[in-house]
Amino acid sequence: MRSVCSVAVELLKPGAASALRVGADMCKELRTKVLSLLPPTAQQEGRTDGAEILGCTVKALKEGHVVAVPTDTIYGLACLAQNSEAIRKTYGIKGRNGHKPLAICVGEIQDIYTYCKVKVKKELLGDLLPGPVTLVLERSEALNANLNPFTSLVGVRIPDHAFMRRLCQMCGEPLALTSANISSHTSTVDVQEFQDLWPNLAVVVDGGPIGDQSRAGSTVVDLSVLGKYSIIRPGCALSSTVDVLERKYGLSEDSGK
């Protein structure tokens, strides 16, 4: 890890110079890399958008570090789900209760079948993912036993965000994912909102302000009971999610939960 924050001029977003100067000064001491995704309108001919940032972020994850990333809903903290020490770090950074679970994030629908036991049709997964939905399913033996050891279930996400999907694909294993904020504090939609966490992170990926300003996060739905669903968190996609579950697939709400 270099001692100075790597913020390449050609990767900076217009209008973010002053904020990133603050970040760069901070990074000189913190050994944190703050990297801004190149906006599509500013792509240079022959340059692969975000390729350098993807490589840097994958390297940090593979080395067991925790990173901050944009998603389709809010900013998140991510680490390798199969790395028990990285999971411990993530809980410490957030000050999160050890009995509150972390979700996992994968790049493709077929990856879900490796780490979860799926009781719904694959078409249902395709109707909800990628998107702002977290599906709670029974975990499989392939998932790290030290991730949420207190439950047989796990929430799984495929954000509708090109960078996040590619990041998971390049890592070749699931990411543990949680919101980028101190536990119980407000969710964040801009990297400047969680600057106090930067000292503990190897990489902060700045994807710009996230469009969904509701800060509601993903809709969390439990699909672990055959033929039933249970809403754990309404989130930002409740209506459309329930419509798919009930109208198209005939699932009924689990009143027992």
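The values are calculated or read from the model by the stated rules, or taken from the named source; none is laboratory data. Because the structure is predicted, anything quoted here is derived from the model rather than measured. Cβ sites come from the backbone with ideal geometry, for glycine too, and all protein chains shown count toward neighbours.
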_Restricting region 127-145 to residues that are without any contact (Cβ under 8 Å) to a residue 40 or more places away in the chain, of a type outside the set (D, E, K, R) and more than 16 Å from residue 220 (Cα to Cα), the residue that is surrounded by the fewest Cβ atoms within 10 Å (Cβ to Cβ)_ = 145
_So residue 90 passes all but one of these: (1) in contact with a Leu (Cβ under 8 Å, 6 or more places away or on another chain); (2) surrounded by fewer than 18 Cβ atoms within 10 Å (Cβ to Cβ); (3) not charged (D, E, K, R). Which condition number does it fail?_
(2)
_residue 178 of a type in the set (S, T, N, Q), part of a strand (DSSP E or B), out of contact with any helix residue (DSSP H, G or I) (no Cβ under 9 Å at 6 or more places or on another chain) and modelled with pLDDT of 95 or more_ = no
*Just one of 254, 222 is modelled with pLDDT under 95, among the charged types (D, E, K, R) and touching a Lys or Arg at 6+ places or on another chain (Cβ under 9 Å); which is it?*
254
*asked:* Tell me which helices (runs of 4 or more DSSP H) are completely within region 7-119 and hold 3 or more residues being at pLDDT 55 or above and either over 29 Å from residue 235 (Cα atoms) or not polar (S, T, N, Q) (or both), or say none if there are none.
replied: 51-62, 84-94, 109-115
*Just checking, which of 240, 218, 255, 214 is free of Cβ contacts under 8 Å to residues at least 12 places away in the same chain and under 22 Å from the mean Cα position of the chain (by Cα)?*
240
*Take residue 243 and decide whether it is in contact with a helix residue (DSSP H, G or I) (Cβ under 7 Å, 6 or more places away or on another chain) and acidic (Asp, Glu).*
no
*Would you confirm whether any residue within region 176-194 is surrounded by fewer than 21 Cβ atoms within 10 Å (Cβ to Cβ), touching a strand residue (DSSP E or B) at 6+ places or on another chain (Cβ under 9 Å) and closer than 27 Å to residue 123 by Cβ?*
no
